[in-house]
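In what follows, a single structure is set out as structure tokens and then discussed.
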Amino acid sequence: MEWEMKRLNRMSSIELMFELFVAMLKLCTGTNFSENKSVPLSPQLREEVRKLDQYIDDMQLLCKYHIGTAEELSAFREETIQKIHALVQERSSIYNKIRRATEPVKTELKEQAKAISQQIAPLRKELKCADRIWERSLDTVTNLLNQERQMETQVMNRYKERSYER
């Protein structure tokens, strides 16, 4: 700060006006921020960032639809699959109409098909998130069952060892 004041004191009035003009242009154009030279992320870190984004998407899905149990998740998946199937059938019927339609009607039908495709895209994304959550929950349950089996076998082995000692 002090160094910059000394630099400004040594400038002539024309140079000061020029500096002021450049500063005002930077403010108006939004380029007054210094460039952040970001270091590229390592592949492992990029993978972790991608996983974090997926976890965030999954959590937002669960919160948006108030899903708290596996049954609710399963019902949501089935409902989403049915919605997608209905929209895909509707879109395919529009595509069939496009084949037989005249040119002015074709553009209108294409717009309808495009609108349906835009409705399908978020549903597929939600279904993908739900499938990820389902797979992860199955893995968690499987791991918990394996741990419980191991604990049971350890207890049974201790019981057998006690019976041999007596």
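The values are calculated or read from the model by the stated rules, or taken from the named source; none is laboratory data. Note that this is a predicted model, so its numbers are computed, not measured. Because the Cβ atoms are built from the backbone with ideal geometry, glycine has one as well, and the counts that use them run over all protein chains shown. Heavy atoms of the whole protein, side chains included, go into the accessibility calculation; ligands, DNA and RNA do not. Shrake-Rupley method; radii C 1.70, N 1.55, O 1.52, S 1.80 Å.
The selection criterion, being farther than 27 Å from Arg50 by Cα and of a type in the set (Phe, Trp, Tyr), holds for Tyr95.
Conditions (1) among the acidic types (Asp, Glu); (2) at pLDDT 90 or above, marked per residue:
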{"residue": "Glu48", "(1), (2)": "yes, no"}
{"residue": "Leu62", "(1), (2)": "no, no"}
{"residue": "Thr80", "(1), (2)": "no, yes"}
{"residue": "Ser93", "(1), (2)": "no, yes"}
{"residue": "Lys110", "(1), (2)": "no, yes"}
{"residue": "Cys129", "(1), (2)": "no, yes"}
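Inclusion of Lys160 among residues that are open to solvent by 100 Å² or more (accessible area, probe 1.4 Å) and either among the hydroxyl-bearing types (Ser, Thr, Tyr) or at pLDDT below 80 (or both) is warranted. Taking the criterion of being of a type in the set (Lys, Arg) and farther than 21 Å from Gly68 by Cβ, the only residue of the stretch 126-150 that qualifies is Arg149. The set of residues in the stretch 93-147 that are small (Gly, Ala, Ser) and either exposed (fewer than 10 other Cβ atoms within 10 Å of the Cβ) or part of a helix (DSSP H, G or I) (or both) comprises Ser93, Ala113, Ala115, Ser117, Ala121, Ala130, Ser137. When the residues of the stretch 54-78 are filtered to those that are acidic (Asp, Glu) and exposed (fewer than 14 other Cβ atoms within 10 Å of the Cβ), the one that is farthest from Lys125 (Cα to Cα) is Glu71.
As a summary of the residue check, His66 satisfies the conditions (1) at positive phi; (2) assigned to a helix (DSSP H, G or I) except for the one numbered (2).
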